[in-house]
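Working notes for the structure below.
Each value in this text was obtained by applying a stated rule to the coordinates, not by laboratory testing. A quick note: this is a predicted structure, and the numbers were derived from the prediction, not measured. FYI the Cβ positions are ideal-geometry reconstructions off the backbone, even for glycines, and counts take in every protein chain you see.
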Amino acid sequence: MTSSVPDDDARTRAAGPTSRRLRLRERAVEVVRPVLIDKVERDHRQSDAQFLRRRIVVALTLVVGATLLGLSFSTVPGDPAFYPLTFGLAATWVVGSLASGPLHLGYIVFRSRMRRPIVTPIVVGLLLAAMFVVGGLVTREIPVLARFTNDVLGYAKAGSIWLVALVTLVNGVAEELFFRGALFAAIGVWHPVLISTVLYAVATVAGGNPVLVFAAAILGLVTGLQRRAGGGVLAPILTHVTWSMTMLLVLPYIFR
């Protein structure tokens, strides 16, 4: 008679990796769902007059901001004018956001409790950065894309890394206050994630760099989903800043 024990052991060993992968997948979904998918309850009602006022302020801010963005990237790397232009751009996004109406930090539901999104958005930002690093390894082998990427990184390589880091940090916060805060609220309920992402990418076209536009589209989609899920700007800000600071520190070593 042949024992069934070895067969059972074999099945257990074979099922082991599959079971671990399933557990990891379930854990990943558990982490991602609250910050990207599941919508929390919120009460962000606006009167018709407030909604109209927000839309007017947002439209004016978008035009001024896109213009300043174009001027910022029209400077050559190392030009001192880059810094006041980019800080002025950040100030434009912030002032326009605050003038448009109330903004909210947002919540996520984690383990059946309402919490401010802090750790999970940072993890999302790191995962997004890892994807871009892998993409960077491919992009550097394509001359035209490598050139566009180096055009952006030139400001970090030619200028003060500390000033560029400050510009990156301040503009990351400011962009999320405007695009996932004021502008998202000004769109209303009709496809705000899609529309805010498209407008964010279109505004970035003023910089004249298609690699930057592509990055804006991906980042805008992720942070737009976060805004939709949590109802606020805290998660988008943390993801954006984590992603952009990681890109600033890592990509120059890839594109030498």
ask   = Between residue 98 and residue 190, what is the label-to-label distance in nm when each label sits 7 Å out along the Cα-to-Cβ direction?
value = 3.2
key: Förster radius 45 Å - calculated FRET efficiency between residue 113 and residue 48 (Cβ-Cβ, nearest 0.05)   = 0.80
note = Karplus-derived 3J(HN,Hα) from phi for segment 164-176 (6.51 cos²θ - 1.76 cosθ + 1.60, θ = phi - 60°), whole Hz, x at Gly and Pro, runs 5, 4, 5, 4, 4, 5, 5, 6, x, 5, 4, 4, 5
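Once you have a ≥ b ≥ c as the square roots of the Cα gyration tensor eigenvalues for segment 108-171, tell me rounded if a/c is under 1.5, and otherwise prolate or oblate according to whether a/b is larger than b/c. Write down the numbers at each step before the final one.
Details: a/c = 4.66, a/b = 1.75, b/c = 2.67.
In terms of gyration-tensor shape, oblate.
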request  = Enumerate the amide H contacts of residue 110 below 5 Å, restricted to partners 5 or more residues apart or on another chain; note that Pro and chain-start residues carry no placed amide H.
outcome  = 115
key: C-alpha center-to-center spacing [segment 127-161, segment 44-68] in angstrom   = 33
note = Quick calc: nm separation of the 7 Å Cα→Cβ label points for residue 138 and residue 105 -> 3.8
request  = Just name one of 112, 78, 149: the one whose Cα is farthest towards the positive end of the charge dipole of segment 44-254 (beta-carbon charges, Lys/Arg +1, Asp/Glu -1).
outcome  = 112
note = Here the gain from full extension of residue 147 to residue 130, 0.36 nm per residue of separation minus their alpha-carbon distance, amounts to 4.0 nm
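Under unit Cβ charges (Lys, Arg +1; Asp, Glu -1), what dipole magnitude, rounded to 20 debye, does segment 44-254 have relative to its Cα centre?
Numbers: 14 positive and 6 negative charges, 155 e Å.
For segment 44-254, the charge dipole is close to 740 debye.
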inquiry  = Output wanted: per-residue J couplings in Hz (rounded whole) for segment 82-97, from phi through Karplus 6.51 cos²θ - 1.76 cosθ + 1.60, θ = phi - 60°, x for Gly and Pro.
reply    = 4, 6, x, 5, 6, 5, x, 4, 4, 4, 4, 4, 5, 4, x, 5
